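Notes follow once the structure below has been shown.
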Amino acid sequence: MPTPEFIVEMREKIGHDPLWLPGVKVVVIHRNRVLLVRRADNGRWTLPAGILEPGEEPAIAAVREVLEETAVRCTITRLVGVATTDEALYPNGDRAQYLDIIMAAEYLSGDAKVNDDENLEVAWFPVDATPALPPKHQRAIDWTRGLRNEGHFLTE
């Protein structure tokens, strides 16, 4: 999916200056496998993720993003954590940082496949044998699986 229109409109006013945006990151685990996407902009494997539209509920955005990116239908089972991402620098020079709303989801249906132009590949990986992931994506999987002792709602 292309950049949301509301962001395009903001960028016309502020250029490449940093934006602070709400985002969702979704951990879909099914049969001890986690659903990952390989991003077209940087070639890295990540969890399905995206930006909330103005007024959109986070769980609705999470389900929408998984479907848009992977053709997989899911339902949100719980809020895993809330944190921030590192600042992202996009190839066009745009900068953004996200309030990262991390959710666990249950697989409902669909064959995982590339379903948009944001990703090069979509695949299920054993949860303990994923390709190298950005640290905060791995942290989201670990939090979902209960493998980290640190708080899911960081206070330090």
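The values are calculated or read from the model by the stated rules, or taken from the named source; none is laboratory data. Everything numeric in this text was worked out from a predicted model, so none of it was measured. Reconstructed Cβ throughout: ideal geometry from the backbone, glycine too, with neighbour counts over all protein chains shown. Please note that ligands, DNA and RNA were not included when accessible areas were found on the heavy atoms of the full protein model with its side chains. Shrake-Rupley method; radii C 1.70, N 1.55, O 1.52, S 1.80 Å.
Tabulated data
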quantity: Hits in the stretch 120-144 - residues which are closer than 24 Å to GLU57 by Cα and open to solvent by less than 30 Å² (accessible area, probe 1.4 Å); calculated: HIS137, ARG139, ALA140, ILE141, TRP143, THR144
quantity: Meets criteria (among the hydrophobic types (A, V, I, L, M, F, W, C), open to solvent by less than 60 Å² (accessible area, probe 1.4 Å), touching an Asp or Glu at 6+ places or on another chain (Cβ under 9 Å) and at pLDDT below 95) for ALA61; calculated: no
quantity: Members of the stretch 122-136 that are of a type in the set (Gly, Ala, Ser) and either free of Cβ contacts under 8 Å to residues at least 40 places away in the same chain or closer than 23 Å to LEU79 by Cβ (or both); calculated: ALA129
quantity: Strands (runs of 3 or more DSSP E) (entirely within the stretch 41-121) containing at least 3 residues that are free of Cβ contacts under 8 Å to residues at least 60 places away in the same chain and of a type in the set (Val, Ile, Thr); calculated: 73-84
quantity: Residues of the stretch 56-83 satisfying the condition of being of a type in the set (D, E, K, R) and in contact with a helix residue (DSSP H, G or I) (Cβ under 7 Å, 6 or more places away or on another chain); calculated: ARG73
quantity: Filtered residue count, the stretch 45-58, keeping only those that are more than 22 Å from LEU120 (Cβ to Cβ) and surrounded by fewer than 21 Cβ atoms within 10 Å (Cβ to Cβ); calculated: 6
